[in-house]
Amino acid sequence: MQLTNRSKQVSNKQMTLAERAYLPAIATGLAITIKHFFAKKVTIQYPEVKRYLGPVFRGRHILKRDADGRERCTACGLCAVACPAEAISMVAAERVKGEENLYREEKYAAVYEVNMLRCIFCGLCEEACPKQAVYLRHDEFVPVFTERDQVIWGKDLLVEDMNNRYTREAWTKEEARALDAKRASGEVTNVVPRAIP
Amino acid sequence: MTLVEFLVKTATIVAVFGLTLVIAMYSTWAERKVAGFIQDRSGPNRAGWGGLLQPLADAGKMFFKEDFIPALANKWLFIAGPSLAMLTALLASAVIPFGSTFRIAGHEVPLQGVESNIGILYVFGVVALGVYGIMVGGWASNNKFSLLGAIRAASQNISYEVAMGLSLIAILMMSSSLSLGEIVAQQHGMNWNIFYQPLGFIIFITCSFAECNRVPFDLPECETELVGGYHTEYGSMKLGFYLFAEYINMFISSAIISVLYFGGYNYPGMDFVYEQLVKSLGTEVGHNVATLIGTAVFFGKALFFVFFYMWVRWTIPRFRYDQLMNLGWKKLIPLAIFNIIITGAAVLFLKPVITAWLN
């Protein structure tokens, strides 16, 4: 039974003189290695150059604001419930008059903390969120921390900066697949999928 | 021997010694760089520009590691092993002619540590002693893998020395001199021995790969069979010395190859360059500049062969032990003897005919 056509017929024929002399084969080998010597290197110099990891890579968390700059989170606690590592904790508070430009919903998270040592970056919080408030960024990792008090990230680190808003070209897996299909068919997209400085 | 002569000789020897060490040091860097390039990587590039400080970092690491001697090892021989390996590796560089002569205040100073009329025999003797470094270290470790590695290295070196010596005899028959300086001087211009001795060259370079314990003949340190080979029990700078001795041997044998077969400091058109330099810069400065160019050419050739060692390392897999012995005893030695006969016949019958025809 033939499964593939990659199989090679084994033979025990005598080697020719050229084959027994090794040298032609060694010369061929040397030619191959010297070709690689001058070939373009595949290494990406990591800390200076970072590879584009795709639109749905799960990096560090961000608490999104809406178009008017109001926090989207309503402190429903669904992310904390969904979290398999129990990394998220929050304290809810009621919005008072005059804070409508700060919080979109009537209830908001006064404290929102993610324990970065517990987090496994599974993205279940993202999926659980009914307000599209919490996301895992595709472009930034959690930086290395060396102190205990750097482990738990509060709202100061998590809430989006309106001057430097977080965007990505695909927010869901379906959109990412559509994007891939677009790229495959040769349409130009705004992000080139290779190493970015 | 006058004091001046003594000082000049000492300065030359120290310069040759330092140069050999620096080249061996940067060979470790080059080895990793070449390995990276051949495997489509970029190699070490963090320590200094292009990773040029990497050898210093490696040496620093080696020095600060624990200098460990196993409890049941023979302590003195354990220390003597790497020392012998370093010593024998460094000794050979003394007789290599790095260039013709420097002319300082009317005196001719040869760019060679020792101008000996048995230069090539001296190199052979010292290289043969190199086995002791490995053998003593392997035996003193009191470890069967070390001993096996050492025995392999010793038998391999001894086997290949025979073929190496035989391939050299053909060169000696042509030059009728054992002095390395004389052999180089005879290859003036483009009159290199490689054109007369291609078979001898192939035998010689194969044997020098085996003598240096380099891939494809690196059986003494075959990890899959012998853990680390003769330096299994070694750590810290003693291991560093073993590895360093290998790189020094590599440079020395590359230098010997370029001296014996590729004309050393000779290059085509050297007479024309010499005349022009002497005409424009005067007999003293012009002569010295011409010598420096020759030395640069020599180092170019020697370093190319160092590169060739590395290039081959990442191309050819290791031989099996019986294949190694078959190649050494059953192929290279008969080929070398055949080469001697051919050379002898050519020197006796062909050379007079050609000389008569040319005249």
Original post:
From the list A:Val114, A:Val96, which residue is away from chain B (no Cβ under 14 Å), part of a loop (DSSP other than H, G, I, E, B) and of a type in the set (Val, Ile, Thr)?
Top reply: A:Val96
Subject >> So B:Leu324, is it within 25 Å of A:Ile32 (Cβ to Cβ), crowded, with 16+ Cβ neighbours inside 10 Å and within 14 Å of chain A (Cβ to nearest Cβ) >> reply: yes
**OP:** Would you mind telling me which numbered condition in (1) in a loop (DSSP other than H, G, I, E, B); (2) within 14 Å of chain B (Cβ to nearest Cβ); (3) loosely packed, with under 12 Cβ neighbours inside 10 Å; (4) without any contact (Cβ under 8 Å) to a residue 12 or more places away in the chain A:Glu48 fails?
**Re:** (4)
Original post:
Residue check: is B:Ala11 surrounded by fewer than 19 Cβ atoms within 10 Å (Cβ to Cβ), in contact with a Gly (Cβ under 9 Å, 6 or more places away or on another chain) and either among the acidic types (Asp, Glu) or free of Cβ contacts under 8 Å to residues at least 24 places away in the same chain (or both)?
Top reply: no
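Table: residues versus (1) of a type in the set (A, V, I, L, M, F, W, C); (2) in contact with a helix residue (DSSP H, G or I) (Cβ under 8 Å, 6 or more places away or on another chain).
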{"position": "B:Asn249", "(1), (2)": "no, yes"}
{"position": "B:Ile257", "(1), (2)": "yes, yes"}
{"position": "B:Tyr267", "(1), (2)": "no, yes"}
{"position": "B:Tyr274", "(1), (2)": "no, yes"}
{"position": "B:Asn288", "(1), (2)": "no, no"}
{"position": "B:Ile293", "(1), (2)": "yes, yes"}
{"position": "B:Ala296", "(1), (2)": "yes, no"}
Original post:
Among the residues of the stretch B:31-54, how many are more than 14 Å from every other protein chain (Cβ to nearest Cβ) and either on the phi > 0 side of the Ramachandran plot or touching a Ser or Thr at 6+ places or on another chain (Cβ under 7 Å) (or both)?
Top reply: 1
Original post:
Across the stretch B:91-112, which residue is surrounded by the fewest Cβ atoms within 10 Å (Cβ to Cβ) among those that are touching a helix residue (DSSP H, G or I) at 6+ places or on another chain (Cβ under 6 Å) and in a helix (DSSP H, G or I)?
Top reply: B:Leu91
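Here are some residues: B:Leu52, B:Leu21, B:Leu56. Which one is within 24 Å of B:Ala92 (Cβ to Cβ) and not polar (S, T, N, Q)? Can you show your working first?
On the way: B:Leu52 fails: within 24 Å of B:Ala92 (Cβ to Cβ); B:Leu56 fails: within 24 Å of B:Ala92 (Cβ to Cβ).
None of the other options fit; the residue is B:Leu21.
May I ask you to verify whether B:Leu199 is surrounded by fewer than 24 Cβ atoms within 10 Å (Cβ to Cβ) and either within 14 Å of chain A (Cβ to nearest Cβ) or charged (D, E, K, R) (or both)? Quick ask: steps written out before the conclusion?
Details: surrounded by fewer than 24 Cβ atoms within 10 Å (Cβ to Cβ): yes; either within 14 Å of chain A (Cβ to nearest Cβ) or charged (D, E, K, R) (or both): yes.
Yes.
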Subject >> Filtered residues of the stretch B:135-149 (kept if under 9 Å from B:His231 (Cα atoms) and not in a helix (DSSP H, G or I)) >> reply: B:Ser141
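Conditions tested, residue by residue: (1) of a type outside the set (Val, Ile, Thr); (2) surrounded by fewer than 24 Cβ atoms within 10 Å (Cβ to Cβ); (3) modelled with pLDDT of 85 or more.
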position	(1), (2), (3)
B:His231	yes, no, no
B:Gly235	yes, yes, no
B:Gly240	yes, yes, yes
B:Ala245	yes, no, yes
B:Met250	yes, no, yes
B:Ser254	yes, no, yes
B:Ser258	yes, no, yes
B:Gly264	yes, no, no
B:Met270	yes, yes, no
**OP:** Take the stretch B:313-341 and flag every residue that is touching a residue at least 24 places away in the same chain (Cβ under 8 Å), among the β-branched types (Val, Ile, Thr) and more than 22 Å from B:Glu246 (Cβ to Cβ).
**Re:** B:Ile333, B:Ile337, B:Ile340
Original post:
Could you count how many residues in the stretch A:57-92 are part of a loop (DSSP other than H, G, I, E, B), surrounded by fewer than 19 Cβ atoms within 10 Å (Cβ to Cβ) and free of Cβ contacts under 8 Å to residues at least 40 places away in the same chain?
Top reply: 7
**OP:** Identify, from the list B:Ala73, B:Ala57, the residue that is more than 14 Å from chain A (Cβ to nearest Cβ), out of contact with any Phe, Trp or Tyr (no Cβ under 9 Å at 6 or more places or on another chain) and in a loop (DSSP other than H, G, I, E, B).
**Re:** B:Ala73
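If you scan the stretch B:347-359, which residues turn out to be free of Cβ contacts under 8 Å to residues at least 12 places away in the same chain, within 15 Å of B:Met174 (Cα to Cα) and hydrophobic (A, V, I, L, M, F, W, C)? First the steps, then the outcome.
First, pick out the residues of the stretch B:347-359 that are free of Cβ contacts under 8 Å to residues at least 12 places away in the same chain: B:348-359.
Okay, now just the ones that are also within 15 Å of B:Met174 (Cα to Cα), so B:348-352, B:354-355.
Listed by number, the residues that qualify are B:Leu348, B:Phe349, B:Leu350, B:Ile354.
Would you point out which residue out of B:Ala35, B:Ala15 is assigned to a helix (DSSP H, G or I) and more than 19 Å from the chain's Cα centre (by Cα)?
Unique residue meeting the criteria: B:Ala35.
Go through the stretch B:253-333 and tell me which helices (runs of 4 or more DSSP H), entirely inside it, have 2 or more residues that are closer than 19 Å to B:Phe102 by Cβ. Spell out how you get there, then give the answer.
Details: elements: B:270-281, B:283-313, B:321-325.
Here the list reads B:270-281, B:283-313.
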Original post:
Mind checking which residues of the stretch A:1-29 are within 12 Å of another protein chain (Cβ to nearest Cβ) and either over 50 Å from the mean Cα position of the chain (by Cα) or farther than 16 Å from B:Pro216 by Cβ (or both)?
Top reply: A:Arg20, A:Ala21
**OP:** State yes or no: is A:Arg60 more than 25 Å from A:Tyr112 (Cβ to Cβ) and away from every other protein chain (no Cβ under 14 Å)?
**Re:** no
**OP:** Check A:Lys40 against each of (1) within 30 Å of A:Ala181 (Cβ to Cβ); (2) more than 14 Å from chain B (Cβ to nearest Cβ) and name the one condition it does not meet.
**Re:** (2)
**OP:** Kindly check whether there is at least one residue in the stretch B:113-124 that is of a type in the set (Phe, Trp, Tyr), in contact (Cβ under 8 Å) with a residue 24 or more places away in the chain and either in a loop (DSSP other than H, G, I, E, B) or farther than 27 Å from B:Ala15 by Cα (or both).
**Re:** no
Original post:
of a type in the set (Val, Ile, Thr) and farther than 24 Å from A:Pro143 by Cα - does that describe any residue in the stretch A:53-61?
Top reply: no
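The values are calculated or read from the model by the stated rules, or taken from the named source; none is laboratory data. Treat the numbers as computed from the prediction; the structure is a model and nothing was measured. Here Cβ is always computed from backbone atoms with ideal geometry, including for glycine, and neighbour counts include all displayed protein chains.
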